[in-house]
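Could you have a look at this structure, given as structure tokens, before my questions?
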Amino acid sequence: MSAKRSHGEGSITQDANGNWRGRIRVGEGRLSFTAATRKEVVDWLRKIGGQVDKGLTYDSAKVTVADYLENWLIGIQGSIRLQTFKAYSHAVNKYLIPYFGDKRIKDLKADHVQAVYDEWVKAGVGIPMVRKCHEVFHLALERGKRTGLVFQNVTELVDRPREQREEMQFWNEGEANRFLTAARENRLYALFHLAIVTGARQMELLGLQWPDLEWVNGTLHFRRQLSRMGTRYSPIKTRAGNRTIKPGAATMAVLKDHYERQQLERALAGSLWDNPDELIFTSRIGTPLSPRNMLMRDFVPLMRLAGVKRIRFHDLRHTAVAIMLSNGKSVFAVSKFIGHARPSITSDIYGHLIPGAADDIGQMMDDLVSPLPLDLNSNEPQNESGTNKDGPMMGLEINGKNGELVKMGEKPIKKTRKEG
């Protein structure tokens, strides 16, 4: 059984098993599709016909998601940071290719992508990971749209799972002081001190070099960050992140002590010393500090010693911002100090930490706009005692004819008919 269709629209047939099959010519070849219902085949023919009109070729119609994503990764590798490339590769190779790789690009459907996302969430894949996969898939397909290989970015029609922010963890001033007291004799005391008083990110701190510190002016410039692998540096991503701050005098003294300690370690290491980049925070032989080793060998044991709640190193940034805001520093000033691109970012993340920010707004509005008690019969504004003396509107009276307020002793302006 077959149904003839107009030229270029393909044909539809039904086989002995009751399945429907559609065929359409694309360039020098033919594409086919089989489904349980005729409607599915009709929809497929319309979709492919539309793609042919937009430039779909027989060769491009054969491209699978796996082939496309692998080539996409090769194409972007040289234009993004190493850490970003590794994150994209992880999403592609562990999630996107195993679940979508055998499908052809032209056959991708939003409902299928949505079903896979939902399946991942039910299977326990973390929501941040699902959102990252969605981000990567969207970027890849968007590039395909620009080059003409992809005719619809189906990820635009998909609902990614909502981001679930974990409750923010940070120390109060007392806990921060207890930790720093416990860390006072640790060789990385300056690192922890600087993290708490500046709110700088971990990799920004580990990327600091001695030339970034100007002793005379008392300033510190954040220019780069250490990669997670601990072997490369990359520029700080935003203009606001590339910033110069002015630490306090006590912090400058801590950094001076750290410099002297490092010179001693350099002398002890002798020919093993290896710090060509003049890093401020290093291993005992001058190599870049391993984030993992620092956490496990220093940060975590010091938290136990201080008797404070266990937090992440990044939570020292939250601690710094919480202390700044709770002691009256403006959101604008804090945002600039910690390197946020916009004050609104700081406000969105930390606004709830500003103490009593809205407590007095209600009273202020009462004071400013509460209506005055008026005796309209006397044409005079009155205060609570029923007189017009010493009231906030003293010196005004009401024009009895039209109810307008005018200065006492003045006649209201007489409106005249417009001439001519």
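Can you order the peptides 316-325, 71-80 by their average number of other Cβ atoms within 10 Å per residue, highest first?
Details: 316-325: 22.2, 71-80: 12.3.
My ranking of the peptides, most packed first, is 316-325, 71-80.
Now a separate question. Ignoring solvent entirely, what values of log10 I(q)/I(0) come out of the Debye formula for region 118-240 at 0.16, 0.21 Å⁻¹ when each Cα is a single scatterer?
At q = 0.16, 0.21 Å⁻¹ the computed log10 ratios are -1.01, -1.20.
Rg/Rh for region 38-197 to two decimals, with Rh computed the Kirkwood way over all alpha-carbon pairs. Don't skip to the end; give the middle numbers.
On the way: Rg = 22.6 Å, Rh = 18.9 Å.
Ratio of gyration radius to Kirkwood radius for region 38-197: 1.19.
For K62 and I345 in one chain, what is 0.36 nm times their gap in residues minus the Cα-Cα distance, to one decimal in nm?
Details: separation 283, 0.36 × 283 = 101.88 nm, distance 4.43 nm.
Length difference between fully extended and current span is 97.4 nm.
Need one number: nm distance between label points at N177 and I80, each 7 Å from Cα along Cα→Cβ, rounded to one decimal.
Placing both labels 7 Å along Cα→Cβ, they lie 4.6 nm apart.
Now for a separate question. For region 294-310 and region 127-181, write down the distance between their C-alpha centroids in whole Å.
Rounded to whole Å, the Cα centres lie 29 Å apart.
With r as the distance between the Cβ atoms of H314 and E278 and R0 = 25 Å, compute the FRET efficiency 1/(1 + (r/R0)^6) and round to 0.05. Please list the in-between numbers first.
On the way: r = 25 Å, r/R0 = 1.02.
My answer for the efficiency is 0.45.
Across bins of 5 angstrom width beginning at 0, how are the C-alpha pair distances of region 250-296 distributed, in whole percent?
5, 21, 26, 23, 19, 5, 0
Compute the semi-axes of the equivalent ellipsoid of region 173-217, taking the square root of 5 times each eigenvalue of the Cα gyration tensor, and list them largest first in whole Å.
Values: eigenvalues 89, 27, 24 Å².
Largest first, region 173-217 gives 21, 12, 11 Å.
Take the Cα atoms of region 210-357, build their convex hull, and give its volume per residue in Å³. Mind showing how you got there, number by number?
Working: hull volume 21.7 nm³, N = 148.
It is 147 Å³ per residue.
Starting from 0.36 nm per residue, how many nanometres of slack lie between Q209 and R131 once their C-alpha separation is accounted for?
Working: separation 78, 0.36 × 78 = 28.08 nm, distance 3.50 nm.
Extra length from Q209 to R131 when fully extended: 24.6 nm.
Something else about it: Given region 65-157, report the % of alpha carbon pairs whose separation exceeds 19 Å. Spell out each step's value before the answer.
Numbers: 1483 of 4278 pairs.
Of all Cα-Cα pairs in region 65-157, 35 percent lie more than 19 Å apart.
Can I ask one more? Once you've got the Cα coordinates, tell me which of K86/K237; K106/K132; K62/K94; K62/K103; K246/K309 are over 20 Å apart.
Values: K86/K237 17 Å; K106/K132 23 Å; K62/K94 23 Å; K62/K103 10 Å; K246/K309 30 Å.
Flagged as over cut-off: K106/K132; K62/K94; K246/K309.
Read-outs: derived from the displayed coordinates by stated rules, not from any lab. Given the structure is predicted, the values throughout are model-derived calculations rather than measurements. Cβ sites come from the backbone with ideal geometry, for glycine too, and all protein chains shown count toward neighbours.
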